[in-house]
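Working notes, structure below.
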Amino acid sequence: MFDPSDKPRMFGLPPGADFPAALVRGLLVRFAGKPPEALAQVQLIVNTRRMARRIRDLFDTGPALLLPAIRLVTDMGDHADLATMDPPVSPLRRRLEISQLVAKLLDSQPDLAPRASLYDLSDSLASLLDEMQGEGVGPDAIRQLDVSDQSGHWARAQQFLGIVQHFFDGAGDAPDREARQRRVIESLVAGWRAEPPAHPVIVAGSTGSRGTTRFLMDAVARLPQGAIVVPGFDFDMRPRAWADLNDALLAEDHPQFRFRLLMRDLGLEPDDILPWSDSPAPCPARNALVSLALRPAPVTDQWLSEGPQLRQLDDAMANVTLVEAPSLRAEAMAIAMRLRQAAEDGITAALITPDRMLTRQVTAALDRWNILPDDSAGQPLNLSPPGRFLRHVAALFQRKLTSEALITLLSHPLTHSGADRGLHLRLSRELELHIRQNGPPFPTGPDLLSWADRQKQTEARDWAEWVTACFTDKPMPGEVPLSERLTAHLDLAARIAQGSKGEGSGILWQEKAGREALALVEMLTREAGYGGAMDASDYADLFGAILSGVEVRDRDAPHPHILIWGTLEARVQGADLVILGGLNEGSWPEMPGPDPWLNRKMRHDAGLLLPERRIGLSAHDFQQAIAAQEVWLTRSIRSDDAQTVASRWVNRMVNLLDGLPDQGGPEVLKAMRARGDSWLEKVVQLETPARVPPALRPSPRPPVAARPMQLSVTEIKRLIRDPYAIYARHVLGLRPINSLMQAPDALLRGIVTHDILEAFVKSLTDAPEKLTQDDLMQLTETVLAENVPWPDIRVLWKARIARAADWIVTSEKARRAQALPIAFERKGAAELSGLGFTLTVKADRIDRDATGALHIYDYKTGALPSQDEQKFFDKQLLLEAALATRGAFKDIAPAPVAKAAYIGVGSIRKEQPAPLGDEPPEKVWKELVALISAYLQADQGYTARRAMLKESDTGDYDLLARFGEWDATQDATPEDLS
């Protein structure tokens, strides 16, 4: 196949060339006219399965041929002569082992690192171990580094690195995947050197970024019939530019740096690299421009000498569009609109970006046109339905069951999926409404069974028993072996997925995501013995991290020509339109993660990869992708309310074009931006909503027969201040839905404080000697323990009562000197004669003095209403006094009211009396009759926010009234309803 040569063979294909297609074309040209079996003798080694599939697909298009043997670099250990080599240990097992060693080190020396960093440190050490084995660097090479100018951090790092030594010393242990791959390649190369193969061997598609692969490529290139074919080789770079790539510390982030390493190892110069085929680049002029723009930063002065030699800039960039969007949303919308246009035109279009947030937004935008892109990345398993379900179940073992956790899991589509899911959904809905209305925030078995006994469905009891058995009392404190935790986790997950009837696991392990999850937990089950013991929190973190490392691609009928690729997929595919999205620093290229072990110089001296390697690979992907026939470059100027920095590659291209006025560079750049701005204008048009006139301030007037004929004294204040709330609640029958997770808010604090004071005063009826601070605080602890399930909140609220205890006892003595309690939480009602309207009441506390007069009290933890507020708006106590004089309270005869007051026990501790002198009961009752009479007239509307205390006050029905589209300065608009 190849003519004899005294030099290793290295071929290249230019950026923009469809590498698999050009590779196949080159093979067919070389074997044209040769016997059919000649091509079958070729051993073709590629670096990804995607590459192998694409090559087979290209051969399958015809004509009929005997295909070459296509192998993966990672499958070279399948040869019969290598079968005796131990199989590699699974990465999961190695991770568990490293985690155990790191945990022991942290337990023995807690000052080394916080316990929360256990798995991050373990992952980082596992990655370092893989890299050391792949690059052929032993622990001694790191231990012998000169760190005389480094900080004391190195001493601590050495203790962690000692863990890695364990896996290099264990000669009898199964090797890691990278270590075995290194041994396989070394054994294979040794065999080739002893007896070189006579058939052609070609390594194609790899850039040689990893040491083991580069070692293989070096050996293949030196075989008598061996060659390497690299993608995206820059034939436009001059020898001087190649020479600038010799220093890794300065040029590691250059797209051609890895090829320079290969050439240096092989003793080749740029002129020795020949094109593999005659397939031209889609746009050679653009390749030349990009090549110059991406020169290493220290030598960008070459722009001055080589820039004026560039020609045909307008042709080079005619099919390049630069979109500089004001926001990430605008960028996503512009991309989606262009992809939609491509779908209508019937061309293949691909979005290439490592920014998954951008791809999600583009996918969501395309959904409005019913276009489902073919996303090669798929979805992380931890975000799939089985992944979320399993993580929710794992959380049950960590902490006490909350209402939020219970309803979240009951509502999951995989829960109770084995049988009678309709019944399950109905009961779950009823339970959720009950919990929202009545609590408790931490449901227990007795709570659930008590609720079930009050339901009409006969199946509710069995269902509640299943919920109790599966969800309550599940925490597993302390450290438990991983195998036991995993077994308990999976058993419980199966019971919850199956449901209250039958056996099995429902549909948990079905569909693509379920099968992937099952394979992962089976692997974890096999390796669990190496995980040691851990608590529930560590287990949940470990399980979630393992799930997040797997992606599942399970899309239904995606569009065949609208594609979303990661940079890896883009290396082996071709498209008519290529959109490079998210071109901002930190996104593309991604910044290297922090290395807790070795800095750049230490990595370089040890022979490990520099952090900039990933940037260099991204740069190579960019150089190949931008060479496509039609290209979009997109970025957002702002993201997350912060200014962004354009990707270094975009920056260099813009600066280079801007600095070439003689060749029309600024005009070319302006045209690129103009094409992008035209699409952004379309986005603005698409996103601009049609103007809708704002809503008017409502004042509905329902039929008199539909209006409420009974209100409580506390609702009279609402009728005065916000009549619309009365209309929504009593005419429309709407009730605000409480939060699923009851919070220790001001409302609950008021209820609990009220219960404490009521219980305290009641206890004094039979034991007046208990009117002491000690008895009050003892009772406070009891009530808080029964009603406040949050330990920290109990302490806080107890402290509040303790600060007010002295005043509560002192003021209570004064009140008891005037009158003694005769009723607590006493209900009452009275009808307004001639109107058919009933006013109801429930008084906190009623006392009676020696003259028979009544004293009415109401406990308040919030702000106390002033005298003027009580006169005009907050008439609760005044109305209670009027009701008391009419004998409206049950078992309390009509009597004069000598006193009515709010007892403030919040931040302000005082009694706030009602203005009974200025507002006697008869006057108050007369005003109430007038108020209710007005609202029983057909022409009286229930005006929204009629007289709120403050403009900032919120109501339960403000959203329904569309408050915000109008304000308090706008007159109400009556609306007659039927």
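The values are calculated or read from the model by the stated rules, or taken from the named source; none is laboratory data. Bear in mind that the values here come from a model prediction, so they are computed numbers and not experimental data. Because the Cβ atoms are built from the backbone with ideal geometry, glycine has one as well, and the counts that use them run over all protein chains shown.
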Please state which one of 547, 542, 568 is assigned to a helix (DSSP H, G or I), under 24 Å from the mean Cα position of the chain (by Cα) and within 25 Å of residue 615 (Cβ to Cβ). 568
Which residues, taken from segment 76-102, are part of a helix (DSSP H, G or I), within 29 Å of residue 531 (Cα to Cα) and modelled with pLDDT under 80? 77
Kindly indicate the residue of segment 5-26 that is over 16 Å from residue 219 (Cα atoms) and either free of Cβ contacts under 8 Å to residues at least 60 places away in the same chain or part of a loop (DSSP other than H, G, I, E, B) (or both) and also farthest from the chain's Cα centre (by Cα) among those meeting that condition. 24
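Listed here are the residues, each with its yes/no results for (1) among the β-branched types (Val, Ile, Thr); (2) closer than 21 Å to residue 358 by Cα; (3) assigned to a strand (DSSP E or B).
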{"residue": "605", "(1), (2), (3)": "no, no, no"}
{"residue": "621", "(1), (2), (3)": "no, yes, no"}
{"residue": "632", "(1), (2), (3)": "no, yes, yes"}
{"residue": "635", "(1), (2), (3)": "no, yes, yes"}
Has segment 320-336 got any residue that is surrounded by fewer than 19 Cβ atoms within 10 Å (Cβ to Cβ) and more than 21 Å from residue 647 (Cβ to Cβ)? no
Just checking, how many residues over segment 828-843 are within 24 Å of residue 911 (Cα to Cα) and out of contact with any helix residue (DSSP H, G or I) (no Cβ under 7 Å at 6 or more places or on another chain)? 1
Being among the basic types (Lys, Arg), under 24 Å from the mean Cα position of the chain (by Cα) and either more than 27 Å from residue 339 (Cβ to Cβ) or not assigned by TED's automatic domain parsing to the domain that holds residue 245 (or both) narrows it down to one residue among 603, 638; which is it? 638
Is it the case, given these coordinates, that residue 460 is within 17 Å of residue 430 (Cβ to Cβ) and touching a helix residue (DSSP H, G or I) at 6+ places or on another chain (Cβ under 9 Å)? yes
Looking at segment 496-515, can you tell me whether even one residue there is surrounded by 21 or more Cβ atoms within 10 Å (Cβ to Cβ) and under 30 Å from residue 790 (Cα atoms)? yes
Suppose we keep only residues that are farther than 22 Å from residue 100 by Cα, of a type in the set (Val, Ile, Thr) and more than 26 Å from the chain's Cα centre (by Cα) within segment 464-502. Which one would you say is modelled with the lowest pLDDT? 472
Mind checking which residues of segment 766-799 are of a type in the set (A, V, I, L, M), closer than 23 Å to residue 401 by Cβ and in a loop (DSSP other than H, G, I, E, B)? 788
Is it true that some residue in segment 613-626 is more than 22 Å from residue 299 (Cα to Cα), among the small types (Gly, Ala, Ser), over 28 Å from the mean Cα position of the chain (by Cα) and surrounded by fewer than 18 Cβ atoms within 10 Å (Cβ to Cβ)? no
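So which of 94, 56, 50 ends up being in contact with a strand residue (DSSP E or B) (Cβ under 8 Å, 6 or more places away or on another chain), surrounded by 13 or more Cβ atoms within 10 Å (Cβ to Cβ) and not hydroxyl-bearing (Ser, Thr, Tyr)?
Residue meeting the stated conditions: 56.
For every residue, the table says whether it meets (1) over 30 Å from residue 545 (Cα atoms); (2) in a helix (DSSP H, G or I); (3) out of contact with any Ser or Thr (no Cβ under 6 Å at 6 or more places or on another chain).
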site	(1), (2), (3)
391	no, yes, yes
398	no, no, no
430	yes, yes, yes
434	yes, yes, yes
447	yes, yes, yes
452	yes, yes, yes
455	yes, no, yes
468	no, yes, yes
Got a sec? Which strands (runs of 3 or more DSSP E) wholly within segment 869-978 have at least 2 residues that are of a type in the set (Val, Ile, Thr)? 897-905
Name the single residue, out of those in segment 303-313 being part of a helix (DSSP H, G or I) and in contact with a helix residue (DSSP H, G or I) (Cβ under 7 Å, 6 or more places away or on another chain), that is modelled with the highest pLDDT. 313
What residue, among those in segment 111-147 that are under 24 Å from the mean Cα position of the chain (by Cα) and hydrophobic (A, V, I, L, M, F, W, C), is surrounded by the fewest Cβ atoms within 10 Å (Cβ to Cβ)? 116
Only one of 315, 345 is surrounded by fewer than 18 Cβ atoms within 10 Å (Cβ to Cβ) and under 19 Å from residue 678 (Cβ atoms). Can you tell me which? 345
Kindly indicate whether residue 423 is assigned by TED's automatic domain parsing to the domain that holds residue 385, over 29 Å from the mean Cα position of the chain (by Cα), touching a residue at least 40 places away in the same chain (Cβ under 8 Å) and surrounded by 15 or more Cβ atoms within 10 Å (Cβ to Cβ). yes
Collect the residues in segment 28-51 that are modelled with pLDDT of 90 or more, under 22 Å from residue 206 (Cα atoms) and not in a helix (DSSP H, G or I), keeping them in residue-number order. 41, 42, 43, 44, 45, 46
Looking only at residues in segment 627-650 that are crowded, with 20+ Cβ neighbours inside 10 Å and among the hydrophobic types (A, V, I, L, M, F, W, C), which one is nearest to residue 593 (Cα to Cα)? 649
Inspect all residues belonging to segment 901-922 and state whether any of them is among the charged types (D, E, K, R) and touching a residue at least 60 places away in the same chain (Cβ under 8 Å). yes
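Every residue, every condition in (1) touching a strand residue (DSSP E or B) at 6+ places or on another chain (Cβ under 6 Å); (2) outside any helix (DSSP H, G or I); (3) surrounded by 16 or more Cβ atoms within 10 Å (Cβ to Cβ); (4) free of Cβ contacts under 8 Å to residues at least 40 places away in the same chain, yes or no:
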| site | (1), (2), (3), (4) |
| --- | --- |
| 652 | no, no, yes, no |
| 667 | no, no, no, no |
| 671 | no, no, yes, no |
| 679 | no, no, yes, no |
| 683 | no, no, yes, no |
| 692 | no, yes, no, yes |
| 699 | yes, yes, yes, no |
Given the criteria within 19 Å of residue 3 (Cα to Cα) and of a type outside the set (Gly, Ala, Ser), does residue 231 qualify? no
Identify, please: which residue in segment 701-711 is touching a residue at least 24 places away in the same chain (Cβ under 8 Å) and not in a helix (DSSP H, G or I) and is, among those, surrounded by the fewest Cβ atoms within 10 Å (Cβ to Cβ)? 703
Residues of segment 264-295 being crowded, with 17+ Cβ neighbours inside 10 Å, in contact with a helix residue (DSSP H, G or I) (Cβ under 7 Å, 6 or more places away or on another chain) and not in a loop (DSSP other than H, G, I, E, B), which ones? 266, 270, 285, 286, 289, 290, 292, 293
